[in-house]
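Notes for the one structure printed next.
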Amino acid sequence: MKRFFSSAGLLATVVLMALLALTPAANAQTRKGEPTVRSVTGTVTDASGGAVSGAVVQLKNTKTLQIRSFITKDEGQYYFQGLSPDVDFELHAESKTGNSTTHTLSSFNTDKQALINLKLK
């Protein structure tokens, strides 16, 4: 009888561990099976509309106040990924030639890949 309870306890532990291992994968999906992360991309341009290479784009999580930075590519492009859909983010760009106004990526924006272009003043 002890052997039976010992085996049952072991089986229960293995099943529990398997369920816990699946939990992160389940949490990474919405009810519709879509990922619960999003991204934002865009282009930084100067006052005349030309792409700005080497500008620093900052992304601020308004909940944690964490700031991430991206240095634009040759065509002025930037990209941030792995963003929570439940948080607002503030974006702005800076370079030697000027700064952009701050734009908000709202948690109400349901786009999985948002597009926010930033123009330097």
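Determine, yes or no, whether Ala47 is in contact with a Ser or Thr (Cβ under 7 Å, 6 or more places away or on another chain) and touching a residue at least 60 places away in the same chain (Cβ under 8 Å). Against the criterion (in contact with a Ser or Thr (Cβ under 7 Å, 6 or more places away or on another chain) and touching a residue at least 60 places away in the same chain (Cβ under 8 Å)), Ala47 does not qualify. Residues in the stretch 88-108 that are exposed (fewer than 15 other Cβ atoms within 10 Å of the Cβ) and either in a loop (DSSP other than H, G, I, E, B) or of a type in the set (A, V, I, L, M) (or both): Lys96, Thr97, Thr101, Thr102, Ser106, Phe108.
Within the set Ala51, Ala93, Ala47, the sole residue that is small (Gly, Ala, Ser) and at pLDDT below 95 turns out to be Ala47.
With respect to Leu118, is the statement that it is farther than 26 Å from Ala47 by Cβ and surrounded by 13 or more Cβ atoms within 10 Å (Cβ to Cβ) true? First the steps, then the outcome.
Working: farther than 26 Å from Ala47 by Cβ: no; surrounded by 13 or more Cβ atoms within 10 Å (Cβ to Cβ): yes.
In short, no.
Could we say that Ser69 is of a type in the set (Ser, Thr, Tyr), assigned by TED's automatic domain parsing to the domain that holds Asn109 and at pLDDT 95 or above here? Considered against the rule, which asks whether it is of a type in the set (Ser, Thr, Tyr), assigned by TED's automatic domain parsing to the domain that holds Asn109 and at pLDDT 95 or above, Ser69 comes out as yes. Within the stretch 86-104, the set of residues being among the acidic types (Asp, Glu) and closer than 10 Å to Leu120 by Cβ comprises Glu94 only.
The values are calculated or read from the model by the stated rules, or taken from the named source; none is laboratory data. This structure is a prediction, so every number in the text was calculated from the model and none was measured. FYI the Cβ positions are ideal-geometry reconstructions off the backbone, even for glycines, and counts take in every protein chain you see.
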